[in-house]
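Engineer: Got a structure for you, questions after.
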Number of protein chains: 2
Amino acid sequence: MGEFDLIRHYFAQPATALHNDWAANDPPGQAAPQVVLGIGDDCALLLPTPGMQLAISSDMLVEGRHFFPDVDPATLGHKALAVNLSDLAACGARPMGFTLALALPTLDAAWLRGFSHGLMALAGEFRCPLVGGDTTRGPLNLCITVFGEVPPRQALLRSGARVNDDVYVSGYLGDARLALLARQGQLQWTVPTEVLAQARHRLECPTPRVALGLALRGIATAAADVSDGLAGDLGHLLRASRVGAALDAEAIIKTIASKAYIKSGEAEFDSEEWLALALDGGDDYELVFTAAPAHREAVLAAARHAATPVTRIGQIEPLPGLRVTHSGAPATHWHPRSFDHFA
Amino acid sequence: MGEFDLIRHYFAQPATALHNDWAANDPPGQAAPQVVLGIGDDCALLLPTPGMQLAISSDMLVEGRHFFPDVDPATLGHKALAVNLSDLAACGARPMGFTLALALPTLDAAWLRGFSHGLMALAGEFRCPLVGGDTTRGPLNLCITVFGEVPPRQALLRSGARVNDDVYVSGYLGDARLALLARQGQLQWTVPTEVLAQARHRLECPTPRVALGLALRGIATAAADVSDGLAGDLGHLLRASRVGAALDAEAIIKTIASKAYIKSGEAEFDSEEWLALALDGGDDYELVFTAAPAHREAVLAAARHAATPVTRIGQIEPLPGLRVTHSGAPATHWHPRSFDHFA
C-alpha cells in the first residue's frame, strides 16, 4: 500500500457526514464550524464563523522523548491530539479541526490501525475532524496542528492575571509523574497496582479540558495548560502577566488524587515530596487559571457546567515569582524544575 | 540557551509591526489578515476576514528524504515554507500565517541563525508571519502548517477539470530533477556549471506561485502544485475530476528552461529522456491547472499580471489516464513514476 492509499485507508473520514451530525444535534447557536473540503486536495478548506477569532496550536511528538517506543499506538493517537486540544482548552477555544503530519519508519498496518483508531475516537468525541496533513518515511514523529474558534476579546490568555486574583487548577495533578517514575523504576513508594494503572492511563490518555475552557470565557482572567509541570506553566503565566503568586501547599497537595493510596513505608510523605509531585510533574494536561475573587461562584458554576473539578490553590501578588506557603510557616520560594527539551 | 529562549531569540517577530506595515502599504481592499496574537501563548490568534474560507496545508520535511544533511540551513528554511506556500498557491489562497514545529538533534546557533534567516525572509516576502509552533529535541524534522484565505467557491480544487479544458503548467520544469541527478552523480549529459547552479537554486529555493494562483481565481477550473512530478500531480487532478488528458510532447519539452544548454554527447536527447525530465521530476513547485478554451486570453492576462510564464501543454479528455502525443505519432500512454515515500 502506497502513501496515498495509506492516507485514504486509515485517515479519510466523511467530514460532511460529521458536519451533518453536528447540525442535527447541536443546540441552536452551537453549530459546528463547517469543513468545506477535507483530505485529498492541496489544501483543506474550512469556513470560520464570521467575526470569530481563529485559535491555532501545533505540537510535535518524538519517540523516546514524548512517548516510549513500545507505547500502545491507540493511546499514542489519543495523546497526540489530546495535547493539542489542551492548548485550545487553555485559550477557551472551540475545536474546529486538525491536520496531522506523520513520519513513519515503516508502513506497519497494525500500528496504523491502532493509531488512527485512538486518534479518530478522540476527534469524534471533540467533534474536531482531521482535515488534512502529510505522511513521509522517517524516524517516528507526529505533528498535529489544531484549529479552534473563540469570540474576539474572549480568548483566555496567559497575560491577563491581575493582583489579588485567585489561582485555580483543574482536575488532578501528579498522576502522570507517578506513572513515569514507576515506568522508570524510580518509584520509592508503595502504590497499589490499580492506582498505578489509573495513573498510567492519565499519562497516556489525558483528557483535554475543553469544556472547562469554554465555560471559563468571560470569567477567568488568564489561563495556561499544565503540560510541563504546574510550577513551570504557572511561571509562564505569571511572567506574561508581570505578577507573582503565593500558593497554599495544603491546597496543592489536595489535587493529588492518588495521595490517599500511596504509602511511603511507615512514615508519611514529606510535604516537599508531595509538592514536587504536584508542581514539577509534566503531562497533567490540566488548566491553571486565575479569576477575580468576586467570581468565585461563577468559577464553581463553570466547573459544574463542565463536570470538571477545580481547586483554588493561591493568590496573585505584585511581587514576581512563585511562593509556596505552608500553613503557618513563612513563605518559601519555589524554583520550578519545568521540563525543557534542550536543558 | 533553553527551549523558550531559543524560540524567542530566533523566531519571535513583531507581528503587529508586520500588520501595521501591511495596513499602510496595501491597496484598499487588500488589507492583510490580522494577527491578533503571535508566538508565546498556548495558541496563536488570527482574525480571518468575515465570510472568507480558510485554506490549510501541512508539510513535513525529514533529513535524508526531503533534503541532504549538508544543505545550507538558510535554503532549508526557505524551502520548508515555500513548499507550503505552493499548496496555498494551488488553491488560489492568500497567505495569512504559519506555524513551525521543529525537532532538532542539538542546539546549533549557527544552524538556527541560517535557518530562521531563510525562513523569515520568505515569510516577509509573502507577508506570511510565523504565529506559533513547537520545538523539541529529536532527529531533524520540520513541520510547517500554513493558513490562507480564499473567497467562498473561488478556491482552485483538483476536482474541477472539464472535458475540452486546456491544460497548462507554470514556469519551468525539470531543473530540480537535473540538480538532483547531478548531486547523485547520475547525470549522463554535459551541463554547464552555471546552468547546474541555477538548477540547484531552483531545487533548493523554489518560488511558490502564489501570485499566479490568486490571478487564476475564477479562471482556472482546477489546479494542483507540482511537487511529486507533473505526471503524478496532474494524475491526481485527473482522477479527482474523473477525466483524462492528452498532452503534447513538444509543448512539455518547451517548459524545460535548461534544455538549450544541455548536451548529450554528439546526439540529440531522445525525446523520452526530455519527457521524463519534465514529467517525472519532483520538486518543481510549479502549478498545473486547467481552464476552458474560451478563457485563453484571461489565462495569459493572469500570467502577465503575476509575472509568471505559463505554457499550454494539452487538453482534457473524457477517457481516464494520461496520454502524451508526439507530433503526428499516435498517442502513447504515460505511466507516471510519481514519488511515493513508501513505495
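The values are calculated or read from the model by the stated rules, or taken from the named source; none is laboratory data. Remember, predicted model here, so these are calculated numbers, not experimental data. Quick reminder, even Gly has a Cβ in these numbers, built from the backbone with ideal geometry, and neighbours come from all protein chains shown. Side chains are part of the model used for accessible areas, which takes the heavy atoms of the whole protein and leaves out ligands, DNA and RNA. Shrake-Rupley method; radii C 1.70, N 1.55, O 1.52, S 1.80 Å.
Engineer: Work out from phi, with θ = phi - 60° and the Karplus expression 6.51 cos²θ - 1.76 cosθ + 1.60, the ³J(HN,Hα) of each residue of the stretch A:34-44, listed in order in whole Hz, and give x for Gly and Pro.
Structural biologist: Along the stretch A:34-44, the couplings run 8, 8, 7, 8, x, 4, x, 10, 5, 10, 7 Hz.
Engineer: In addition: Nm distances between the label at B:D70 and the same-position labels in the remaining copies, 7 Å along Cα→Cβ, shortest first?
Structural biologist: 4.1
Engineer: Now a separate question. For the stretch A:149-207 and the stretch B:72-103, what is the centre-to-centre distance using only Cα atoms, to the nearest Å?
Structural biologist: Using only Cα atoms to place each centre, the spacing works out to 34 Å.
Engineer: Can you compute 3J(HN,Hα) from phi for each residue in the stretch B:59-66, using the Karplus curve 6.51 cos²θ - 1.76 cosθ + 1.60 with θ = phi - 60°, rounded to whole Hz and x for Gly and Pro?
Structural biologist: So the Karplus estimates, Gly and Pro as x, are 10, 10, 10, 10, 4, x, 10, 9 Hz.
Engineer: Something else now. Springs between alpha-carbon pairs under 10 angstrom, Gaussian network model over chain B: which of B:A260, B:A292, B:A176 fluctuates most?
Structural biologist: With Cα springs under 10 Å in chain B, the top fluctuation among B:A260, B:A292, B:A176 is at B:A260.
Engineer: Taking chain B as the reference, fit the longest principal axis to its C-alpha atoms, fit the long axis of helix B:230-241 to the helix C-alpha atoms, and give the angle between the two in degrees, 0 to 90, nearest 10.
Structural biologist: 90
Engineer: Also, quick follow-up: What angle do you read, to the nearest 10 degrees and between 0 and 90, between the alpha-carbon axis of helix B:296-305 and the longest principal axis of chain B?
Structural biologist: 40
Engineer: State the answer as a single residue: which of B:V131, B:V167, B:L85 lies farthest towards the positive end of the charge dipole of chain B, with beta carbon charges of +1 for Lys and Arg and -1 for Asp and Glu, about the Cα centre.
Structural biologist: Final value for the positive-end residue is B:V167.
Engineer: Say each of B:Q188 and A:R239 gets a label point 7 Å from the Cα, pointing the same way as Cα to Cβ; how far apart are those two points in nm?
Structural biologist: It is 5.9 nm.
Engineer: Next up: Over the stretch B:57-152, what is the relative contact order in whole percent, taking alpha-carbon pairs under 8 Å and six or more residues apart?
Structural biologist: Dividing the mean separation by the residue count of the stretch B:57-152 yields 46 percent.
Engineer: Expressed as a rounded percentage, what relative contact order does the stretch B:203-296 have, with Cα pairs under 8 Å and six or more residues apart?
Structural biologist: Reported as a whole number, the value is 55 percent.
Engineer: Amide H to amide H under 5 Å from B:L130: which residues, 5+ apart in sequence or cross-chain, H placed 1.01 Å off N in plane?
Structural biologist: B:F98
Engineer: Suppose we compare each residue of the stretch B:127-152 in its chain alone and in the full protein complex with a 1.4 Å probe; which ones drop by at least 50 Å² of accessible area?
Structural biologist: Relative to the lone chain, where solvent access is computed with a 1.4 Å probe, the stretch B:127-152 loses at least 50 Å² at B:D134, B:T136, B:R137.
Engineer: Computed FRET efficiency, Cβ-Cβ of B:R323 and B:D72, R0 30 Å: what is it to the nearest 0.05?
Structural biologist: 0.15
Engineer: Rolling a 1.4 angstrom probe over the protein heavy atoms, how many square angstrom per residue are accessible across chain B?
Structural biologist: 40
Engineer: If you don't mind, there's one more thing I want to ask. Can you figure out the FRET efficiency of B:A307 with A:V163, using R₀ = 51 Å and their beta-carbon distance, to the nearest 0.05?
Structural biologist: 0.35
Engineer: Further question on the same structure: With springs only between Cα atoms under 10 Å, which of B:G118, B:G97, B:G138 fluctuates most in a Gaussian network model of chain B?
Structural biologist: So, out of B:G118, B:G97, B:G138, the one fluctuating most is B:G138.
Engineer: A further question on this structure: Based on the inverse mean of 1/r over its pairs of different Cα atoms, what is the Kirkwood hydrodynamic radius of the stretch A:31-134, in Å?
Structural biologist: 14.7
Engineer: Same structure again: With the Cα gyration tensor of the stretch B:105-179 giving a ≥ b ≥ c as the square roots of its eigenvalues, does the rule (a/c under 1.5 for rounded; else a/b larger than b/c for prolate; else oblate) give rounded, prolate or oblate?
Structural biologist: Because a/c hits 1.5 or more and a/b exceeds b/c, the stretch B:105-179 counts as prolate.
Engineer: Please flag any cysteine in chain B that has no other cysteine's Cβ under 4.7 angstrom from its own Cβ.
Structural biologist: Lacking a cysteine Cβ partner under 4.7 Å: B:C128, B:C205.
Engineer: For the stretch B:171-180, what does the Karplus curve 6.51 cos²θ - 1.76 cosθ + 1.60, with θ = phi - 60°, yield as ³J(HN,Hα) per residue in whole Hz, taken in order and with x for Gly and Pro?
Structural biologist: x, 10, 10, x, 4, 4, 5, 4, 5, 5
Engineer: Say the dipole of chain B comes from +1 at the beta carbon of Lys and Arg and -1 at that of Asp and Glu; which of B:A121, B:I313, B:A278 then lies farthest toward its positive end?
Structural biologist: B:I313
Engineer: Right, here's the next one. Share of chain B's accessible area from carbon and sulfur, percent, 1.4 Å?
Structural biologist: The C+S portion of the solvent-accessible surface of chain B is 53 percent.
Engineer: In addition: Give the interface area between chains B and A as buried accessible surface, both sides summed, probe 1.4 Å, in Å² to the nearest 100.
Structural biologist: Summing both chains' loss of accessible area gives about 5200 Å².
Engineer: Taking amide H atoms as placed 1.01 Å from N in the peptide plane, list the residues 5 or more away in sequence, or in a different chain, whose amide H sits under 5 Å from that of A:R323.
Structural biologist: Here A:A245, A:A246, A:L247, A:W334 satisfy the definition.
Engineer: Then there's this: Choose one answer from B:Y172, B:Y285, B:Y261: the residue with the largest mean-square fluctuation in a GNM of chain B with alpha-carbon springs under 10 Å.
Structural biologist: Comparing B:Y172, B:Y285, B:Y261 in the GNM, the peak value goes to B:Y261.
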